[in-house]
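Worksheet: one structure, shown below.
The values are calculated or read from the model by the stated rules, or taken from the named source; none is laboratory data. In this text the structure is predicted, and so the values were computed from the model without any measurement. Note that we place each Cβ from the backbone using ideal geometry, even for glycine, and neighbour counts take in every protein chain shown. Heavy atoms of the whole protein, side chains included, go into the accessibility calculation; ligands, DNA and RNA do not. Shrake-Rupley method; radii C 1.70, N 1.55, O 1.52, S 1.80 Å.
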Amino acid sequence: MSHPGTLILIMAIAVLAPLLAYAAARRLTVPVAIFEIGLGIAIGPDALGWARPDELINTLSNLGLSMLIFLAGYEIEFAAVRGDTLRRAVGAWVLTLAVALGIAFALTGAQATKSFVIGTALTSTALGAVLPMLRDSGVLHSRFGTVVMAFGAVGEFGPIIAMALLLSGRAPGAATAVLAAFAAVTAGAVYWAMRPRPPWFARIVATTLHTSGQFAVRLVMLLLAAMLGLSVAFGLDTLLGAFAAGLLTRLILNGAAPESSAEVLGKIEAMGFGFLVPVFFIVTGINFDLHALLSGGRPLLLLPIFLLLFLFLRGVPAGLLAPRDLSRRERTSLMLYCATSLPLVVAITTIGVDDGVLGKGEAAALVGAAMLSILGFPLLALKALAPHQARQANGVTQPSETW
């Protein structure tokens, strides 16, 4: 099918997926991304064969991934995630990385590059996918939501940094120098973003918010394009630029036009979750190598192993190092949310396959495990948190449980 037909089919699925999620919600809360991925697999070349992405579709998919990471970066509240919570989040991720690399070396027979690909993929958290779930469940801005945001942000940002250091093809010293240069430029951009804006800035944001001018939306798109271009210029993955653009956008809008920032974000989310992000998830399903997963015994055996590794390598350290004021149920829920992965796993395994260091079967097993994580772990996390949410809704405060 040519790309116009494939795009129409993708958008039809994008419309159908939330309807299915709404219908399923009567019995079970299922993330809409699951239906998008599942239907993508169904129409892909290894199933019905109705869709075969071309350059245009893959470009839209890459933009969708960038938008997902951008929105995750925007949601980070610096004032809430700093201090002890952030230190615990960083400690949990570093512990995960160390153990994941060790296990990856054992699984691959000490093949360094392949171990870096698998180990880095096992450390990621799908913050961009988790945050909408937290928002929909009404806990995003609670203390628990803040902790998930901190641990998820490190689980999103940490693997991107690891990709730049371990998977760039450069020598470690050169990779570190390039990353430091990018960080310096980004720090300069942050300094600029935090400077007071002139009074006309907030006025033009408010004035054009409901006109064809859309100054704020265009400025946000410029920031995103500029940071993506900057990351490419430095030879880094564009996801690093997308995350940084989200952080910068929040600083600018909340500092210069706080009364309009929520509405501007709503417009960006409409563009992201209404078009680009669904394209990414559906194309992920279409591109999923179902044949490679099912044709041999080893990839299919690796799938449940990788799923358990997501839980024990990413989830358990998060639960162990979680702030002490969280209840036992909240810690369990935090573990499950942190073990939820997909977008970065897709990006990292794509790099591994393109570089010829990761087999298609192993990549399919990793991506398949990540798909199962995004299907099962958030559902279990919501179930674990349900009694706590009910107490909050009733205005009942109970002492925190301990492990």
Query - Alpha-carbon Debye profile of the stretch 67-129, log10 I(q)/I(0) at 0.14, 0.23 Å⁻¹ - result: -0.54, -0.93
Query raised in the report: In the stretch 93-215, with Lys and Arg counted as +1 and Asp and Glu as -1 at Cβ, which of these residues, Ala187, Gly158, Gly128, has the Cα nearest the positive end of the dipole, that is, farthest along it?
Result: Ala187
Query raised in the report: Classify the stretch 215-282: rounded, prolate or oblate, from the alpha-carbon gyration tensor (a ≥ b ≥ c, eigenvalue square roots; a/c under 1.5 rounded; otherwise prolate if a/b is larger than b/c)?
Result: oblate
Query raised in the report: Straight-line reach from Lys114: which lysines have a Cα under 28 Å away, not including same-chain ones fewer than 8 places off?
Result: Lys360
Report summary line: Taking r as the C-beta separation of Trp200 and Arg135 and R0 as 41 Å, the FRET efficiency to the nearest 0.05 is 0.80
Query raised in the report: Any idea of the accessible area per residue across the stretch 1-150, 1.4 Å probe, to the nearest Å²?
Result: 43 Å²
Report summary line: Pseudo-spin-label distance Ala42 to Ala171, built 7 Å along Cα→Cβ, given in nm, is 5.4 nm
Report summary line: Here, chymotrypsin sites (Phe, Trp or Tyr not before Pro) of the stretch 14-77 satisfying both criteria (DSSP loop; at most 15 other Cβ within 10 Å) are Trp50
Query raised in the report: In whole Å, what are the Cα extents of the stretch 211-364 along the three principal axes, biggest one first?
Result: 57, 43, 30
Query raised in the report: If packing is taken as the mean number of other Cβ atoms within 10 Å per residue, what is the order of 175-182, 339-346, highest first?
Result: 339-346, 175-182
Report task. Would you kindly calculate the translational diffusion coefficient of the stretch 24-132, applying Stokes-Einstein with the Kirkwood radius from alpha carbon pairs, for 4 °C and a viscosity of 1.567 mPa s, and quote it in µm² s⁻¹ without decimals? Result -> 74 µm²/s
Query raised in the report: Relative contact order, percent, of the chain when contacts are C-alpha pairs under 8 Å separated by at least 6 residues?
Result: 27 percent
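If I stretch the segment between His291 and Met11 completely, what's the gain in nm (0.36 nm per residue apart, minus their alpha carbon distance), one decimal?
Contour length minus the Cα-Cα distance gives 98.3 nm.
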Report task. Search the structure for amide H atoms under 5 Å from the amide H of Ala126, placed 1.01 Å from N in the peptide plane, and list their residues when 5 or more places away or on another chain. Result -> Thr340, Ser341, Leu342
Requested in this report: Based solely on C-alpha atoms, express the radius of gyration and the Dmax of the stretch 284-373 in angstrom.
Outcome: 14.9, 48
Report task. Could you compute the FRET efficiency for Leu28 and Arg143, with r as their C-beta to C-beta distance and R0 at 35 Å, rounded to 0.05? Result -> 0.85
Report summary line: With Ser66 itself left out, Lys, Arg at +1 and Asp, Glu at -1 over residues whose Cβ is under 14 Å from its Cβ give -2
Query raised in the report: About its Cα centre, how strong a charge dipole does the chain have in debye, to the nearest 20, once Lys and Arg get +1 and Asp and Glu get -1 at the Cβ?
Result: 820 debye
